[in-house]
Structures are given as C-alpha cells and as structure tokens.
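Trainee: Structure incoming, see below.
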Amino acid sequence: MGRFASTVPYYRRCRAPYPPELFRRVAGALRLDGSQALLDLGCGPGQLALGFAPFVRSVAGVDSEPAMIAAAKEAAAAEGVALDLIEGRAEDLPAGLGPFDVVTIGRALHWMTPAPTLALLDRFVRPQGFIVVCGASSAEGPANPWLASYEEFRFRVTPEKDRRRYWVEAAAFFAGSAFSLRETISVQFRQTISVDTLIGRLFSMSNTSPEMLGPRTDQVGAELRAVLSPFTAAGETIEEIVEAEAAILARPA
C-alpha cells in the first residue's frame, strides 16, 4: 500500500476544488486551441487532467499510486473523457513519450526533488512549452475564521510536525532552470461545505490519512467535529473561501 492509498476515498470529493474559471483563464493565457498535448505529473484522481482536457488534443497522466490511477480512470469514464493514464514514477516514463506542449503539476511539487525533476521536465517539455503548477486551498485570514483552528488541530494530530515540508514555491523550485515564471493566475470563490467534507479533507492528506492515524481515525474525526462546532451554521455547514492558483512557467525556444 502506498502512502496515499487510504486517502483515495476522500481526495476527489473533499479537497478544495479547482474552479472552471481557473482552467479557462490558464487556457487563454497559454492560447490552448485543442491541438496541444498535455502531461499531468502526479495526477492523483485526475482533477487537473480532466479540467484541462477540453482545451487540448490529448492528456496523459502519471501517478505512482495504483488506487489514484484507478480513481482517475473511474472519474474519466464518468465524464466521458479519454485520458492516457500511466501507473508508475515519472522518472520511469518511457523515453519515447512526449514531448509535451504543457506539463501540469498539482498538489505534488513538494514531493519532487528539484534536480531529477528538472531533468525530467527538460526532456518532456518541448521548446516554447509550458509548465503549470496548480494549487487550491482555503484562503488564509479573516475570510475563513475557522481555518486557524482547523490547521492547529491538523498538525497537532499528525506524527509529522514540519509544516514547511508541504509548502514549496514554484519560483524557488525552478530558480536557475530553463523555465522562468511568466505569470500567476489566481481565482477566489465561495462555497458552502459540510463538516463531514472538512473531516474527509483531513483524511485525504497523507500525514493525517486513515493509514497514518490507524485506530485513532474515528476519534480524530469526532474531535475535529467538536473543534469546528463554534463555526458551523444550521445543518453543520461552513462557508469557505477557496483560493485557486496557477503559476505558469515558460520555456524559451
């Protein structure tokens, strides 16, 4: 079982989503016209692959977790979208694959080691191609008054205490490489979610997954429900402001 196997039932439905506007704005910035080939590294259950699929000719996704690939296949079938999904490490992709006009990376950059990843991207991104690093999360600050309590609880119950492990700036990761930051597109939106969704979001993270929490899983869920209770409205719902972001890096000709 991989690190993310037990997160799969929660990942797609509980993580903060990428809004359609983000895909439209990135497609416009990159002038995607349906003729491009796209590779999604660390594709997970396929959110980015499926979101960008209407704007390109073909989409390949790679992930080392078999359960994530299975979830992406199920989601693609449900939406009637053809994805070329590959189970394995990006480093082991066949030499004949690509090159690609666009390579996307979602919530996976912090798992990647710069030197080998940059060498891989040098191989897969064609001249004048792009890398798009995407993320979506609850906006920090007064927009989400419950977030500080949620985050404090999350890092209190996880065995992994180093918060910096999960924050990697795209500009810093690609500094000194052949890829330069061209622009960053940011989209904010409001949604109403249930407390159950936020509990599931906790379980969708590798450091607080059911596998990591073990027999404490149900107890942790109940404790988080109590932590969030001061912020809930009738029916146990919470208002969330989500900030989705796409950092676009360009490769010169």
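Trainee: Collect the residues in region 168-224 that are in contact (Cβ under 8 Å) with a residue 12 or more places away in the chain and charged (D, E, K, R), keeping them in residue-number order. Steps first, please.
Mentor: Quick first cut of region 168-224, residues in contact (Cβ under 8 Å) with a residue 12 or more places away in the chain only: 168, 170-171, 173-174, 177-213, 216-217, 220-221, 223-224.
Across region 168-224, the qualifying residues are R182, E183, R190, D196, R201, E211, R216, E223.
Trainee: Continuing with the same structure: Quick test for you: out of R89, R107, R126, pick the one residue that is out of contact with any helix residue (DSSP H, G or I) (no Cβ under 8 Å at 6 or more places or on another chain) and more than 22 Å from R12 (Cβ to Cβ).
Mentor: That would be R126, the only listed residue that is out of contact with any helix residue (DSSP H, G or I) (no Cβ under 8 Å at 6 or more places or on another chain) and more than 22 Å from R12 (Cβ to Cβ).
Trainee: Only one of these is within 26 Å of P9 (Cβ to Cβ), of a type in the set (D, E) and touching a strand residue (DSSP E or B) at 6+ places or on another chain (Cβ under 9 Å): D84, D101. Name it. Walk me through it before giving the result.
Mentor: Details: D101 fails: within 26 Å of P9 (Cβ to Cβ).
That would be D84, the only listed residue that is within 26 Å of P9 (Cβ to Cβ), of a type in the set (D, E) and touching a strand residue (DSSP E or B) at 6+ places or on another chain (Cβ under 9 Å).
Trainee: Let me ask something else about it. Only one of (1) closer than 28 Å to P20 by Cα; (2) in contact with a Leu (Cβ under 9 Å, 6 or more places away or on another chain) is not met by E243, so which one is it?
Mentor: Result: E243 passes all but (2).
Trainee: Part of a loop (DSSP other than H, G, I, E, B) and crowded, with 18+ Cβ neighbours inside 10 Å - does that describe any residue in region 185-196?
Mentor: Pass one, region 185-196, residues part of a loop (DSSP other than H, G, I, E, B): none.
No, region 185-196 has no match at all.
Here's the yes/no breakdown for (1) within 16 Å of the chain's Cα centre (by Cα); (2) buried (at least 24 other Cβ atoms within 10 Å of the Cβ); (3) at pLDDT 95 or above:
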{"site": "L39", "(1), (2), (3)": "yes, yes, yes"}
{"site": "G42", "(1), (2), (3)": "yes, no, no"}
{"site": "L48", "(1), (2), (3)": "yes, yes, yes"}
{"site": "P54", "(1), (2), (3)": "no, no, yes"}
{"site": "S58", "(1), (2), (3)": "no, no, yes"}
{"site": "E74", "(1), (2), (3)": "no, no, yes"}
{"site": "A77", "(1), (2), (3)": "no, no, yes"}
{"site": "L83", "(1), (2), (3)": "no, no, yes"}
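Trainee: Right, A143: modelled with pLDDT of 90 or more and small (G, A, S) or not?
Mentor: Numbers: modelled with pLDDT of 90 or more: yes; small (G, A, S): yes.
Judged against the criteria, A143 is a match.
Trainee: Considering only region 1-32, state which residues are in contact (Cβ under 8 Å) with a residue 60 or more places away in the chain, within 19 Å of A247 (Cα to Cα), more than 15 Å from the chain's Cα centre (by Cα) and part of a loop (DSSP other than H, G, I, E, B).
Mentor: The answer is L32, and nothing else.
Trainee: Mind telling me which of the residues L213, L202, L228 ends up being in a helix (DSSP H, G or I), over 28 Å from P20 (Cα atoms), modelled with pLDDT of 95 or more and not hydroxyl-bearing (S, T, Y)? First the steps, then the outcome.
Mentor: Numbers: L213 fails: modelled with pLDDT of 95 or more; L202 fails: over 28 Å from P20 (Cα atoms).
From the options L213, L202, L228, the qualifying one is L228.
Trainee: Now, a different point. Could you look through region 222-253, keep only residues that are surrounded by 19 or more Cβ atoms within 10 Å (Cβ to Cβ) and touching a helix residue (DSSP H, G or I) at 6+ places or on another chain (Cβ under 8 Å), and pick out the one that is farthest from V102 (Cα to Cα)?
Mentor: L224
Trainee: Turning to a different aspect of this structure: Starting from region 115-128, keep only residues that are at pLDDT 90 or above, then list their pairs with residues that are among the acidic types (D, E) and surrounded by 12 or more Cβ atoms within 10 Å (Cβ to Cβ) whose Cβ atoms are within a distance under 7 Å, requiring at least 6 positions of separation or different chains.
Mentor: As it stands, the answer is R126/D101, since those pairs meet every condition given.
The values are calculated or read from the model by the stated rules, or taken from the named source; none is laboratory data. Treat the numbers as computed from the prediction; the structure is a model and nothing was measured. Note that we place each Cβ from the backbone using ideal geometry, even for glycine, and neighbour counts take in every protein chain shown.
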